[in-house]
Amino acid sequence: MRIWVTLGATGLLAGPALGADLQVQVEIPKLDVAEYHRPYVAVWIERPDHSVAANLAVWYEINNNKNEGEKWLADLRQWWRRAGRDLTVPIDGVTGATRPVGTHTLEFASDNALLKDLAPGQYELVVEAAREVGGREVLRIPFQWPLDQSTKLEAKGESELGAVSVAIKD
Amino acid sequence: MKPLLKWSTLALALALPVSAHAHRAWLLPSATVLSGNDAWVSVDAAVSNGLFNFEHQPLRLDNLVVTAPDGSTVNPQNPSTGKYRSTFDVHLANPGTYKLAVVSDGVSASYKDKGERKRWRGKAENLASEIPAGAEDLKVTQNLRRLETFVTAGKPNDVALKPSGQGLELIPVTHPNDLFAKSTATFILHIDGTPAADLKVAIARGGERYRTKPEEQTATTDKDGKFAVTWAEPGMYWIEAEATDGKATVKEAKERRLTYAATFEVLPE
């Protein structure tokens, strides 16, 4: 199952990519639990000092008339600390609705506004998931930017996240 | 920010057995880091042995002051005092950091009346009328107590953290709503606005009821009043420091006892 991130709809992905695309895949695992709600998920790029270089995606409950879904954004504790509390949601091209079980692919053209100012250097891709009446998990993938064409870096979650990867896609 | 000094009612809650350490007074907020545009916290307030179990006495709310992110004072809502705890709500109407403080200033006395040792607690102005004229061995102590916790909606700020300059107070170096397990936080203690060196600080994590070890740590302030705490695990923590000096403002009192206690939430990494 491939789902394009909101970026596709906002036109940021429109047109042929100038260079290679950054591809991030996030798997939301199927869980055998009594009460299941789709997790809140944040995907961002962190500098070595933990400051946030780019927010790539934040999935939370947006189909709520009273914006009550925002009340639980602080449960994405690391994202809230590093980025969320300084931002106003929704963020065009970043925030979107929660996603179902499955592997979700985010693609960012190299001239994407989120990435074009990313200076060469060492970063971490961070993926955090928090689920209502469930757990929380944070995965980190260190990478060097710009990414080597041939590398695909992966991490595997143990509870709230499945396989997570970052790669360059032609 | 001037708390109302209704010591008599607080005294009921704090009129505890002799040792100052027998019980702990605390505020327990329902959350300390909040998102969304209509955030509320509900707070328990009690005096107890086990943190944060309400099993002894409610903490009276007469001296409660809530300071908003702009430094103004906001009214707590739905205050209620039950058998073992008080509760109140705070509407975090604006983003930023709120300080919730219960500040009391009272007097305790011990004396001998016809050879019998007596103790008394109350307001300074009632000393003369409530202690018998013939009391012997009269020792009067002024007790200044400050009990705090902090909550933040959205982005933290520092306005509500400003100390009053009176009594024993905590000056955060690390923001009190930015505490994470395995990390070290730094705070400064002041007495009347100047650094309090060499003070012992007790640090305890809630939930002792469900473990066999109390896990209490201690820290000592350095010459600048600074102390550091490394939070081993996430949880609700309670810290307390105490000092005595001769700077009582109540004329009958030789000694002044200062107490500072606060509740901090330490979040998982």
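The values are calculated or read from the model by the stated rules, or taken from the named source; none is laboratory data. Since the structure is predicted, the reported quantities are computational estimates derived from the model, not experimental observations. Here the Cβ positions follow ideal geometry from the backbone for every residue, glycine too, while neighbour counts run over all protein chains shown. Note: accessible area is taken over every heavy atom of the protein model, side chains too, but ligands, DNA and RNA are not part of it. Shrake-Rupley method; radii C 1.70, N 1.55, O 1.52, S 1.80 Å.
Worth a mention:
- Scanning segment A:100-116 for residues that are over 22 Å from A:G157 (Cα atoms) and open to solvent by 40 Å² or more (accessible area, probe 1.4 Å) yields A:S110, A:D111, A:A113, A:L114, A:K116.
- Exclusive hit being under 22 Å from B:Q142 (Cβ atoms), open to solvent by less than 10 Å² (accessible area, probe 1.4 Å), away from chain A (no Cβ under 14 Å) and of a type in the set (F, W, Y), set B:Y260, B:Y237: B:Y260
- The condition (being open to solvent by 30 Å² or more (accessible area, probe 1.4 Å) and under 14 Å from the mean Cα position of the chain (by Cα)) is satisfied by just one residue among A:A119, A:A97: A:A97.
- Residue match in segment B:221-228 (condition: under 15 Å from B:T263 (Cα atoms), among the hydrophobic types (A, V, I, L, M, F, W, C) and assigned to a strand (DSSP E or B)): no
- Scanning segment B:53-77 for residues that are in a strand (DSSP E or B) and touching a residue at least 24 places away in the same chain (Cβ under 8 Å) yields a total of 8.
- Test: residue in segment A:108-128 that is charged (D, E, K, R), free of Cβ contacts under 8 Å to residues at least 40 places away in the same chain, within 14 Å of chain B (Cβ to nearest Cβ) and over 15 Å from A:V24 (Cα atoms): no
- Hey, A:V164 in contact (Cβ under 8 Å) with a residue 40 or more places away in the chain, farther than 18 Å from B:L34 by Cα, within 13 Å of chain B (Cβ to nearest Cβ) and under 16 Å from the mean Cα position of the chain (by Cα) or not: no
- Identity of the residue in segment A:66-92, of a type in the set (D, E) and either surrounded by fewer than 15 Cβ atoms within 10 Å (Cβ to Cβ) or not in a helix (DSSP H, G or I) (or both), that ends up nearest to the other protein chains (Cβ to nearest Cβ): A:D86
- Condition check for B:D89: at pLDDT 95 or above, away from every other protein chain (no Cβ under 14 Å), in a loop (DSSP other than H, G, I, E, B) and farther than 25 Å from B:N143 by Cα: no
- Among the residues making up segment B:116-158, those that are within 14 Å of another protein chain (Cβ to nearest Cβ) and either out of contact with any strand residue (DSSP E or B) (no Cβ under 6 Å at 6 or more places or on another chain) or under 15 Å from B:E252 (Cβ atoms) (or both) are B:G154, B:K155.
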